[in-house]
1. Among C:228-235, C:97-104, A:365-372, what's the highest-first ranking by average C-beta atoms within 10 angstrom per residue?
2. Taking springs between alpha-carbon atoms closer than 10 angstrom, which of C:P270, C:P92, C:P241 fluctuates most in the Gaussian network model of chain C?
3. For the pair B:E162 and B:N66, what calculated FRET efficiency results from E = 1/(1 + (r/R0)^6), where r is the Cβ-Cβ distance and R0 = 45 Å, to the nearest 0.05?
4. Please work out how much length the chain gains when fully extended from C:A271 to C:D300, using 0.36 nm per residue of separation minus the C-alpha to C-alpha distance, in nm with one decimal.
5. Give me the one-decimal nm value for the distance between modelled label points at B:L169 and C:T339, 7 Å along each residue's Cα-to-Cβ direction.
6. Reachable lysines from A:K233, Cα under 18 Å, same-chain residues fewer than 8 places away excluded?
7. How would B:R24, B:R263 line up from fewest to most surrounding beta-carbon atoms within 10 angstrom?
8. Starting from the Cα-Cα distance between B:L296 and B:I204, subtract it from 0.36 nm times their residue separation and give me the gain in nm to one decimal.
Amino acid sequence: MTDSGSTQPESANIRPPSPPKLLVWLRRNLFNSWPNSVLTLLAVGSIYFVGRAVLEWAFFTADWRPVTNNPMLYLVGQYPRDQIWRVGASLLLVSFLTGMSWGEWRGIMRTFAMLLAGGLAVLGIIPAGGQMGSLAVHVFFLINVPVIFLGFLLGSRKFVTGSWVLGGWLFSFLVIPFLLRGIGDGTVLPTVETSLWGGLLVTLILAVGGILLSFPLGVLLALGRRSSLPVIKIFCVMFIEGIRGVPLVTILFMSSIILALFLPPDLRIDRLVRALIGMTIFSAAYTAENVRGGLQAVPAGQIEAAKAVGLNNFQTTLLVVLPQALRAVIPAIVGQFISLFKDTTLAIIVAINELLNIGKSILQSDVEFLQLQLEVYVFIAAVFWVLCYLMSFASRRLETALGIGER
Amino acid sequence: MSSSNSHRKSLTRESAIPLWRDERALTAAAQVISAIIFIGALIWVGVNLLEAAKQRGLSLGFDFINDPAGFPISEAVIPYDDSYTFGTAFLVGLLNTLKISIIGIVLATVLGTIVGLARLSTNWLVSRIALAYIELHRNIPLLVLLFIWYFAIFNKLPPTQESLEVPGLLYINQRGLYLSWPRLTETGSLFAVSLLVGLILAIIAWIYLRRLRKRSGHSTYYAGVSIAIILMSVVLGLALSEWQPLWIDTPVFEGFNFTGGLRLTPEFTALLVGLVMYTAAFIAEVVRGGIQAVDLGQTEAAKAVGLKQMQTLGLVIIPQAMRVIIPPLISQFLNLTKNTSLALAIGYADLFNVGRIMINQAGRAVPIFGMIMVTYLIISLITSLILNIYNRKIQISEKSA
Amino acid sequence: MRKLLLPLASLIILAMLLSACGAPTTSDEPAVIEVTAPGYGEVLTRVKERGRVVCAGRTDLLGFGYLDDDGRNIGFDIDLCRAVAAAVLGDPEAIEIVPVTAAERGPVIQTGEVDILSRNVTWTSSRDAQWGNFTITMFYDGQGYMVRADSGIKSQDDMDGASVCVTSGTTTEKNLAADFRERGLDFEAVIFEDTSSVYNAFFEGRCDVTTSDRSQLAAVQAGADNPADYVILPMIISKEPLTPVVPHGDDQWFDIVKLVMYALINAENPAYGPITQATVDDILASDNIKGKTVLGAEGDWGYSSLGLDADALANALRAVGNYGEVYNRYMGPEGIAFTLPRGLNEHWTEGGLIYAPPIK
């Protein structure tokens, strides 16, 4: 992977064609035959009417107050405002590490870092109501941008190796939950119960947590499914197919409500954690199938070669098969992350305050908002669309960068 | 694996291997140990669950099934009101899920294919619109889309008195979509039976004569024969039913709502439209991928042997594309079926929705939840079985052809 | 082989589930409830260790449990929880509100996952037997119907063939079905899981009628673009005593919650002051013996044997005020949510049902 991989080959497409070429292009692409001309006219007509209706609604009819009044609710939910710096610190950590990853690995991480910097800069610049409108919040978002570049500079230094950055990420995933929730019984940091967490924060925690926790589980299940021990194999098949055979909402319902019915009273699992368990179990079954695909793609010759040099079964799997298989499934895992990210909305069914549920609560917070459902849902749809689109954009880059399917 | 094992064994002196290093013995031991651990864990979990349930006073029995449910359900395929049993209520939910899944799968396949082909259109604008459609749906959670469809679109349709209408045929308002619908008269069932028999005979004739043609190479007019059989059964049926097999049930505005005709409730329609549009975006990508996977040389070869464009598509491209398309298509169908569980959010009485109400009204979380899970598993199982059989058939016939 | 495994696996799961569920049908339930439910004093110990009272509540019902602009939990039900936290921990903010759906209400209190369920729960005999201990009714409600003013509907008899919007998993939907069936009327039930969807559909015209507790209908009517377009019909088809619930088994905790509720009610009695949020400290400093008795400053009428400090009830009143203040904060003439006449929820001295035993 070289950093030249990220130059823009599509710039040629973006350049508008010069006038005579335009006519040729039009004739070739839009009016090359009778039916096509009709289709083109129909398409232009419908784009005009739909577009006009949408724009008129968005700029004149819609009442955006439920969105603009206090956007902070969409970001962090009920997280206590005097402790909000802890969410901020977590974001700074993530920004810094993204920057470092960019410096270390270049390529695709550059895209991620750019997207993050761009998004945060936009958040820092656009005017907003409520607590989001305060100067401190604007400044905070803007500070993230230089922090990303600071990370980049550090990450580009020779002495910073990949294992530093990986360690940094691992450290942050361990530290952020404690930072957000508080340490111990609140003596060092006041405890902020997860029932107060909400909005995009929870959506991200469920999606990122779900995918990270499900990964090792999924790999084990995939290996188990190929195991020569029938008991293990049957268990893994049962688990994978059982989970894949039922809707996510039923799994969330099980982990949140049914599971709790059976736990001893003194073992009270946090509700957010229970939802996370549900997401993880669900995601693990799909990860397992993805990894299995990757395992099947490893040529048999590799295994035989490993055996030939005297590696035992365990070593062969760990050192030869898995690294190749996992590399092949990275794009599939990213795709799965995107769909898991969308699926976090289903946590509404078990009353987790993720983005969509916060939206619903905001609709109920003021009698004047009760009927503004369209505005709130369209806003949430737009947030998801932008984030998912950027992620799938990045994942297409990743696919190219890894050269998947070129072998 | 086995080849490498035997290979390895031949290299070592078998007699000298102590038991704890003999791979076969180790494997056998691992089998037994894993079995014991696994079964032990199962028993341990089971016993604990039962113990906890007993201590909590959780009822695990199914004796409530025959108690009156006491709650209304908005729409049902079979007769139901609140005096029916919990068992019937569950069945109503199940049938509603099946109804929307089957209709949804058919429509999503049609729409998905159209969008997928549009994506490949040589018309730049059409292809871009298809792309916009796909990107719009793939990047927004289905639940959010359903909220928008139901609350922002179907609920904003005009009230009953101001329905959008094609008089005598179609009425659309916020209470649903009402269609004039043909229904069987008293003698109509004879017509239906006759038509059914005719159809079956026609299909048998079609298959048999087509095989005959393949074997003998002679033309057997299989299409003509089949159509003739169907036409005859229609005439016979009409005669049997005294030339009045059907009557048209037209919706009439009465009191609060329209009565008569075929009614699709807004909840059903919104869920159907949402699911179909969402799934179609994924199916479109599957179809596009399948068609693009067919080598361009195939098209050229087909042209070279003189096939027309439609023939090329129908005889060369589609059969080959199907092999690539079917497996991911199956998983999309399963996704659609599972996604019907989001009906909860917009008030359609599907299996999960009714199940949850039952949990609340009967107070038996565990057994009802077990019923829901098992039912979904069985539905998934049957769907994937049917489609796997179909898939296997298509793959084999493809290879043999 | 793989194709075979899938059905096989699923069948095994099926068998497991069925056997797990079907087995102990015959176990005698009531006798075993006593075994594991929290024992005497356990909840209070747990609350003090944790430093918080955990209440199951909601975030989506204006007036009862919802969020303010800053995302803070507020509402009638939430204030009851705050009062308990103030009494046992001295801090009304030492609460954790766990939002639960209607379907989860039973399980969260059955498992003892929360200390109090304060989420407008109707007290019914079967819930009392299965869910937990119902403390005392803090809001007397009844189910009513709301219709459009121009619809011409005056009573149920005008509703034949109507579409009715209702929340699922509630006593409301059962009452609705029974009411219509008894009258031999036809209706289309339009059922949603959450209240906001129910009323949105009603306002949009999806239904001719919506039915719920009258307090809820009033809240919703107040939220309409033009409240005068809607009428709440006068008839009441059910009793809906909304009551906070505590887990089965711990009588001490049951008594504490009841005591706090009684204190809020007693404080409103004009004979004692009345004691309000503002006057608590004045009354403690005065020679108003009756008032001081209610606040626990004049003799120990059972407080210490429940493990409460002498100023527990004073703290509760400092935190949320008396019953009338809590009511009026959200639903009074100047209420921040909407205005609903108190009706049955007047203090008993005013002819209502809000009544508390004497402190002696």
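Values in this text are rule-based calculations from the coordinates and carry no lab data. Remember, it's a predicted structure, so these values are computed and weren't measured experimentally. Ideal geometry is used to build each Cβ from the backbone, glycine not excepted, and the neighbour counts take in all protein chains shown.
1. Details: C:228-235: 14.6, C:97-104: 24.6, A:365-372: 19.0.
Most protected by this proxy first, the peptides run C:97-104, A:365-372, C:228-235.
2. Among C:P270, C:P92, C:P241, the largest mean-square fluctuation in the Gaussian network model of chain C belongs to C:P270.
3. On the way: r = 46 Å, r/R0 = 1.01.
My answer for the efficiency is 0.50.
4. Values: separation 29, 0.36 × 29 = 10.44 nm, distance 2.01 nm.
Computed gain between C:A271 and C:D300 is 8.4 nm.
5. About 5.4 nm, to one decimal.
6. Result set, ordered by chain and number: C:K3.
7. Values: B:R24 12, B:R263 20.
By the 10 Å Cβ count, ascending, the order reads B:R24, B:R263.
8. Details: separation 92, 0.36 × 92 = 33.12 nm, distance 3.69 nm.
Here the segment from B:L296 to B:I204 would lengthen by 29.4 nm.
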